Amino acid sequence: GVVKFAPYGLRKVEAALIENGFNVVTVHPYDIEKYLSNAKVVGVSVMDPLGFGPVSVTFSSLLGGTPSTRLEFVNLMEKLRPFKDKIKIIVGGPGSWQLEWDEYWKNFVDCIIIGEADEVVPDLFRKALRGEILPKVIHCKSPDVEKIPTIKNPSVNGLIEISRGCGRGCRFCSETLKRRRDIPLNKILEEVKLNIRGGTRGVLLHAEDVLLYGCKDPKFVPNEEKVVELFKAVKTITNHVGISHCSLAAVCSKPKIVEEISHILEVGEKIPMFGVQTGVETGSSRIMEKYMHGKCLPFHPNEWCDVVEQAFAIMHDNLWIPAATLLIGLPDETDDDIIKTIELVERLRDYRSLIVPLIFIPMEVCALRRERRFAKESLRETHWELLIACMDHDIYWVDDLEENYLAGFKNIPVKLGYQAFAWWVKRAWKKRRGEILKLYA
Ligand code: SF4
């Protein structure tokens with residue numbers, strides 16, 4: 001039941017508790033019953049517990065059904081229910097805000113931690129062990145970087161945080177409320193070594209924008225020297241290095257940094273391609289200016305479409321594959337805004353990438369939290385046209401990705417699984433596309 005790899009955020013909480021002398025085990029939810037008779041406090045880390053996150057809302061709106069994350073969360077809570085009189089349940093993690101929207105689950109658990117838990121957990125767990133009544137909801141402040149503990153055990157996918165927070169201030173995003181801080185290089189390397197020793201094949205460097213590591217520039221122009229130093233240092237420990245996110249504005253403002261990282265990591269030689277998540281969000285400079293003007297710095301919102309295309313071109317040339325999100329349903333969005341986004345998607349057709357539209361959710365942890373929720377019924381013709389443009393783009397690139405990305409895969413079941421999935425998606429989309437076009441004809 002004790003897991004070899006755990007979600008990174010949970011490892012941080014585990015580290016904070018270990019450093020404060022707690023006896024803590026991190027176990028898989030499927031095996032938790034074995035531990036409940038001795039446990040006094042159960043901490044649960046959640047990503048999307050009730051299915052209110054943008055990905056779940058988008059896909060359940062389009063395809064129907066209940067998000068699996070919700071089913072898993074409810075399952076876990078049902079396992080805890082018989083022990084509720086003798087244990088305290090504390091829920092944290094990026095999706096914990098969702099419990100504030102649901103009176104039933106809010107009352108079921110003892111405490112909900114929203115925000116960065118590193119500093120608050122020791123005192124909170126001490127109170128829980130003493131049997132004291134806990135505050136129902138705690139909103140945490142961002143701790144200083146030296147107060148963030150180093151993980152003690154390996155994380156899932158070797159994920160390692162190199163920076164926390166973002167600083168660009170998009171009003172729909174949960175990162176807006178966190179200060180941007182860089183983790184010192186020695187701490188990062190300590191976690192890289194720990195993961196590799198613990199049996200992870202490689203590491204995934206995580207930040208809201210990996211290219212801004214060490215950046216102090218108020219206009220977010222990357223600090224090339226710091227980024228190169230980071231990648232070179234990590235590469236001395238492992239050949240398998242990935243990154244989670246980068247911004248298109250950073251790519252566009254320092255194209256050389258992309259080339260240098262590709263060179264250090266031997267992309268195209270040791271690694272066939274390099275995947276990264278990024279945000280396009282919109283093709284409308286009006287929406288950009290209104291909700292996310294910091295996202296395009298050092299450029300102006302009016303330049304956004306050119307910045308996006310330029311960044312996609314740079315990544316294409318360097319074998320980086322962006323998986324980009326678009327945002328639909330922001331308050332006050334017009335058909336004209338959506339049409340501009342469709343035009344931008346069409347401009348990106350020649351660049352190897354995936355583009356995924358997501359429905360805006362006024363998350364409790366973002367600046368637009370008081371705005372109305374976008375209902376499925378509000379999806380109109382232009383939204384469906386945008387969806388079609390994105391799916392056509394993705395289907396266009398699926399075969400290329402299969403051919404190149406899977407080239408290095410030795411695992412035959414994974415290869416066959418991907419091919420079968422790609423075949424199913426293409427077939428299902430052909431049918432659905434026809435239905436949508438007929439509906440709006
Ligand atoms: S740039 Fe990305 S991570 Fe940063 S605030 Fe905007 S959406 Fe959030």
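Return the pair list, or none, for Cβ contacts closer than 8 Å from residues in region 327-356 that are surrounded by fewer than 23 Cβ atoms within 10 Å (Cβ to Cβ) to residues that are among the acidic types (Asp, Glu) and part of a loop (DSSP other than H, G, I, E, B), at least 6 apart or on different chains.
Going by the 8 Å Cβ cut-off, the qualifying pairs are Pro331/Glu371.
Restricting attention to region 53-65, does a residue exist that is part of a loop (DSSP other than H, G, I, E, B), small (Gly, Ala, Ser) and touching a residue at least 24 places away in the same chain (Cβ under 8 Å)?
yes
Taking region 130-142 only, how many residues are under 16 Å from Val13 (Cβ atoms) and at pLDDT 95 or above?
Of the residues in that region, 2 qualify.
Determine whether region 304-315 contains at least one residue that is part of a helix (DSSP H, G or I), surrounded by fewer than 21 Cβ atoms within 10 Å (Cβ to Cβ) and in contact with a strand residue (DSSP E or B) (Cβ under 9 Å, 6 or more places away or on another chain).
Scanning region 304-315, I find at least one residue that is part of a helix (DSSP H, G or I), surrounded by fewer than 21 Cβ atoms within 10 Å (Cβ to Cβ) and in contact with a strand residue (DSSP E or B) (Cβ under 9 Å, 6 or more places away or on another chain), so the answer is yes.
So that you can scan it fast, the table gives a plain yes or no per residue for (1) out of contact with any strand residue (DSSP E or B) (no Cβ under 9 Å at 6 or more places or on another chain); (2) within 16 Å of the ligand (Cβ to nearest atom):
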residue	(1), (2)
Pro82	yes, no
Ile90	no, no
Ser96	no, no
Trp101	yes, no
Tyr104	yes, no
Glu146	yes, no
Gly158	no, no
Gly165	no, yes
Arg168	yes, yes
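How about region 180-192: which of its residues are in contact with a strand residue (DSSP E or B) (Cβ under 8 Å, 6 or more places away or on another chain) and either near the ligand (Cβ under 10 Å from one of its atoms) or not hydrophobic (A, V, I, L, M, F, W, C) (or both)?
Listed by number, the residues that qualify are Arg180, Arg181, Asp182, Glu191.
Only one of Lys147, Lys106 is surrounded by fewer than 16 Cβ atoms within 10 Å (Cβ to Cβ) and under 30 Å from Lys187 (Cα atoms); which?
From the options Lys147, Lys106, the qualifying one is Lys147.
Quick one: Val25 ticks every box in (1) within 30 Å of Lys376 (Cβ to Cβ); (2) in contact with a strand residue (DSSP E or B) (Cβ under 6 Å, 6 or more places away or on another chain); (3) outside any strand (DSSP E or B); (4) of a type in the set (A, V, I, L, M) except a single one, so which number is it?
Result: Val25 fails condition (1) only.
So Asn195 ticks every box in (1) under 22 Å from Pro322 (Cα atoms); (2) away from the ligand (no atom under 16 Å from the Cβ) but one. Which box is left unticked?
Tallying (1) under 22 Å from Pro322 (Cα atoms); (2) away from the ligand (no atom under 16 Å from the Cβ), Asn195 fails exactly one: (1).
Does Val258 fit the bill of being buried (at least 22 other Cβ atoms within 10 Å of the Cβ) and within 19 Å of Arg347 (Cα to Cα)?
So Val258 fails the test.
Filter region 212-238 for residues that are within 16 Å of the ligand (Cβ to nearest atom) and either farther than 15 Å from Gly165 by Cβ or exposed (fewer than 15 other Cβ atoms within 10 Å of the Cβ) (or both) and give the result.
Within region 212-238, Asp217, Pro218, Lys219, Val221, Pro222 meet the criteria.
Is there a residue being closer than 17 Å to Val55 by Cβ and more than 13 Å from the ligand (Cβ to nearest atom) anywhere in region 327-334?
Yes - at least one qualifying residue is present in region 327-334.
Of all residues in region 373-391, count the ones that are without any contact (Cβ under 8 Å) to a residue 24 or more places away in the chain and among the small types (Gly, Ala, Ser).
Matching residues across region 373-391 total 1.
For residues that are over 16 Å from Leu36 (Cα atoms) and either of a type in the set (S, T, N, Q) or touching a His at 6+ places or on another chain (Cβ under 9 Å) (or both), scanning just region 72-103, find the one that is surrounded by the most Cβ atoms within 10 Å (Cβ to Cβ).
Filtering region 72-103 for residues that are over 16 Å from Leu36 (Cα atoms) and either of a type in the set (S, T, N, Q) or touching a His at 6+ places or on another chain (Cβ under 9 Å) (or both), the one surrounded by the most Cβ atoms within 10 Å (Cβ to Cβ) comes out as Gln98.
Somewhere in region 199-206, is a residue farther than 27 Å from His316 by Cβ, outside the structural domain of Pro54 (by TED's automatic domain parsing) and crowded, with 17+ Cβ neighbours inside 10 Å?
yes
The values are calculated or read from the model by the stated rules, or taken from the named source; none is laboratory data. Given the structure is predicted, the values throughout are model-derived calculations rather than measurements. With ideal geometry, Cβ positions are generated from the backbone for all residues, glycine too; neighbour counts draw on all protein chains shown.
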